[in-house]
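Heads up: the structure comes next, in structure tokens.
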Amino acid sequence: MKALRHLNKYFWKYRYRFILGLIFILTSNIFGLYPPIYIGEVFNIISDSFNDGNLLETNQIKGQLAYYAFLVLAFAVCKGLFMFFMRQTIIVMSRMIEYDLKNEIYNHYQKLSISFYKRNKTGDLMNRISEDVSRVRMFLGPAILYTANLIISISLIIPKMISISPKLTLYVLSPLPLLVVAIYKVSSIMNKKSEIVQEQLSKLSSISQETFSGIRVIKSYTQENFAQLQFMNAAEDYKTKNLSLIKVNALFFPLMILLIGLSTLFTIYIGGLEAIAGHIQVGHIATFVIYVNMLTWPVASLGWVTSIVQRAAASQERINEFLTEEPEIKNQIKESTTIAGNIEFNNISFTYPDTGIQALKNVSFSIKEGETLGIIGKIGSGKSTLAELLCRINDPDSGTICVGGKNIKELNLHDLRDAVGYVPQETFLFSDSIYNNIAFGNKQSDNEAVHQAAKQAGIFENIKQFKKQFDTVIGERGITLSGGQKQRLSIARALIRNPKFMLFDDCLSAVDVETEELILQNIKIQSKNKSCIIISHRASSIKHADQIIVLKDGEIIEQGVHKTLMNLDGDYAHIYKKQLIESKH
Ligand SMILES: Nc1ncnc2c1ncn2[C@@H]1O[C@H](COP(=O)(O)OP(=O)(O)OP(=O)(O)O)[C@@H](O)[C@H]1O
Ligand SMILES: [Mg+2]
């Protein structure tokens with residue numbers, strides 16, 4: 001329950017709407033309070049007229065009946081109107097809070113570090129924001145509405161009933177607690193079962209999602225039957241679980257109607273006895289029957305509401321878990337800082353906490369402003385890890401990284417990331433037009449800037465060949481680009497930012513050697529005074545760099561310019577010679 005306190009700030013934000021909603025609930029209940037009495041009066045008039053034998057005065061009776069009929073109708077209309085208003089306030093409030101809460105969660109997600117995303121599955125993150133928020137909304141809307149309605153109707157109706165006959169009131173209300181318990185039990189079972197169904201449904205959708213995204217592999221390995229079987233089993237499971245839910249569901253309404261019917265029967269029986277004994281009038285039985293019916297719905301909903309509140313509390317607790325998560329990498333500096341100068345890595349070590357793999361060991365180097373550093377090394381030697389440390393996607397365990405003589409932890413994080421034109425090893429493009437994908441790097445860019453970036457990245461001619469050129473949509477909704485085209489597009493996206501430093505992580509592995517060299521040279525010439533880090537598996541691509549480092553198992557084993565390293569005749573020279581021979585064949 002404590003978890004739900006998080007929502008207090010939203011109740012406060014929408015307090016006027018909430019209070020207005022309570023007033024509307026009260027008003028609609030007041031309008032509902034009188035029709036049963038009028039109906040009772042009608043019964044009394046008719047029964048009195050029989051008793052007295054006053055059948056001559058039928059016209060007068062007709063008039064009275066019409067009068068009461070009009071009153072009942074008028075009150076029903078007013079009640080309906082205020083019910084409309086109460087939904088318009090309370091339910092609308094719940095939707096507004098739902099919107100706020102979703103935004104709060106989303107906003108918080110964006111602040112969290114990459115390691116958070118590694119720890120949690122995407123499906124979980126999405127569930128928090130959709131499924132869990134919906135459950136909390138059920139508490140904010142229907143649960144609060146029904147609870148307020150219950151409290152108000154009980155406090156209005158029961159005194160009225162007592163004023164007519166305390167004894168009858170006691171009798172007819174006695175089965176209601178039973179009703180609450182029964183409904184609570186059934187809805188708890190229903191909730192448990194629907195959770196199981198929900199879980200199975202997400203299994204089913206992840207199976208289909210995986211098979212669709214891996215459809216090429218499935219087809220080329222002719223594993224369609226296997227995929228079909230896998231889906232069928234999961235679907236069968238889903239069906240079985242759903243059928244079991246439906247059984248309980250089917251029980252819910254009949255049970256409610258039965259219990260309500262029983263209490264009506266009870267009222268008529270006891271009321272009849274009381275009327276015969278002369279303690280109450282016949283009309284009062286009718287009034288009681290209607291009152292009992294009016295009470296049973298809200299009372300029955302109490303059982304339902306209890307289970308909604310329990311679910312909402314559990315969901316809110318899960319949401320709070322994420323909301324209280326602190327980003328590991330925080331921006332400590334509020335004011336903006338200029339990022340320029342030499343880049344220095346001093347004794348950097350880094351171990352991935354989840355795998356315990358030490359990816360970098362005592363790495364030190366420095367790049368003068370405007371210089372190019374080439375990094376080469378075997379798979380898993382720590383190249384990408386090094387790149388991520390510079391953008392502060394991770395922070396090193398020991399050692400310092402300085403830019404312009406200042407530790408990057410003391411620089412404004414946003415400015416730092418803005419200053420680095422980082423092209424990650426794995427390209428990720430959005431399902432959007434080519435234009436928007438490039439302009440994503442710099443939202444203020446115009447047509448010319450986008451074209452210029454495309455030219456620099458060596459993809460302009462390719463784009464021109466597409467029918468829709470820059471408007472070509474890529475990804476799921478459009479054409480599929482080749483690996484090399486994707487890589488060059490993501491380079492264009494980085495270039496358009498006009499960054500201070502450039503950081504290319506093996507981002508031209510899918511183009512041929514000559515094109516890679518050409519593009520890198522091109523970029524270097526056009527941005528003469530920018531520092532540049534090029535990570536590549538090809539020695540030829542970095543041989544012109546002002547400095548080359550060779551990484552092996554997270555350590556620098558060779559360092560220097562191309563010529564020095566060739567003279568050294570170590571790993572670098574070995575890779576270079578081998579690749580030279582390969583390229584000639
Ligand atoms: N997110 C991660 N979590 C845990 N371990 C990781 C993670 N990323 C990389 N590693 C490990 O750290 C080591 C260095 O990885 P890194 O990606 O830096 O290598 P790399 O030199 O870029 O390799 P490649 O040439 O294949 O791109 C590897 O042993 C890898 O398994
Ligand atoms: Mg890498």
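General remarks:
- For LYS102, the aspartates and glutamates whose Cα falls under 14 Å of its own Cα, not counting residues fewer than eight places away in the same chain, are GLU131, ASP132.
- Length gained on full extension, HIS108 to SER431: 113.9 nm, using 0.36 nm per residue less the C-alpha separation.
- Each stretch of four or more DSSP H residues adds -39500 (n - 2.57); spread over every residue of the chain, this sum gives -20500 deg cm²/dmol at 222 nm.
- Scattering curve values for the chain, log₁₀ I(q)/I(0), Debye with Cα scatterers, q = 0.09, 0.12 Å⁻¹: -0.88, -1.24
- Hydrodynamic radius of segment 2-323 per Kirkwood, over alpha carbon pairs, in Å: 23.7
- Label-zone membership for segment 483-499, site HIS544, 7 angstrom Cα→C-beta point, backbone N under 12 Å: none
- Extreme residue, positive dipole direction of the chain, given options ALA312, SER433, LEU302 (C-beta unit charges): LEU302
- Local electrostatic count at MET126 - Lys and Arg +1, Asp and Glu -1, tallied over other residues with Cβ under 12 Å: 0
- Stretched out straight at 0.36 nm per residue, the stretch from LEU65 to LYS563 would grow longer than its current Cα-Cα span by 168.2 nm.
- Estimated Rh, segment 223-279: Kirkwood, alpha-carbon pairs, angstrom: 15.5
- Charge dipole (Cα centre; +1 on Lys/Arg Cβ, -1 on Asp/Glu Cβ; no other charges) of segment 1-145 amounts to roughly 1460 debye.
- When DSSP beta bridges are restricted to pairs lying wholly in the chain, around 50% turn out antiparallel.
- Net charge over other residues, Cβ less than 15 angstrom from the Cβ of VAL172 (K, R count +1; D, E count -1): +1
- Charge dipole (the chain, unit charges on Cβ, about Cα centre) - positive-most of TYR221, ILE129, ILE268: ILE268
- Listed from fewest to most Cβ neighbours within 10 Å, the set TYR291, TYR435 follows the order TYR435, TYR291.
- Distance (nanometres) between label positions extended 7 Å along Cα→Cβ at ALA76 and PHE466: 6.3
- Pairs over the 21 Å Cα-Cα cut-off, from the set LYS543/LYS578; LYS409/LYS443; LYS334/LYS524: LYS409/LYS443; LYS334/LYS524.
- Measuring r between the beta carbons of LYS528 and SER482 and using R0 = 25 Å, the FRET efficiency lands at 0.25.
- For the peptides 392-398, 334-340, 382-388, residues were scored by their other Cβ atoms within 10 Å and the scores averaged per peptide; the highest-first order is 382-388, 392-398, 334-340.
- Reduced Cα scattering model of segment 343-584, Debye log10 I(q)/I(0), q = 0.08, 0.13, 0.14, 0.17 Å⁻¹: -0.31, -0.81, -0.93, -1.29
- Label-zone membership for segment 249-285, site VAL181, 7 angstrom Cα→C-beta point, backbone N under 17 Å: 256, 259-260, 263
- Taking a Cβ cut-off of under 15 Å around PRO142, the surrounding Lys, Arg, Asp and Glu residues balance to a net charge of +4, with basic ones at +1 and acidic ones at -1.
No lab work stands behind these numbers, since they all come straight from the coordinates. Bear in mind that the values here come from a model prediction, so they are computed numbers and not experimental data. So basically every Cβ, Gly included, is an ideal-geometry build from the backbone, and we count neighbours across all protein chains shown.
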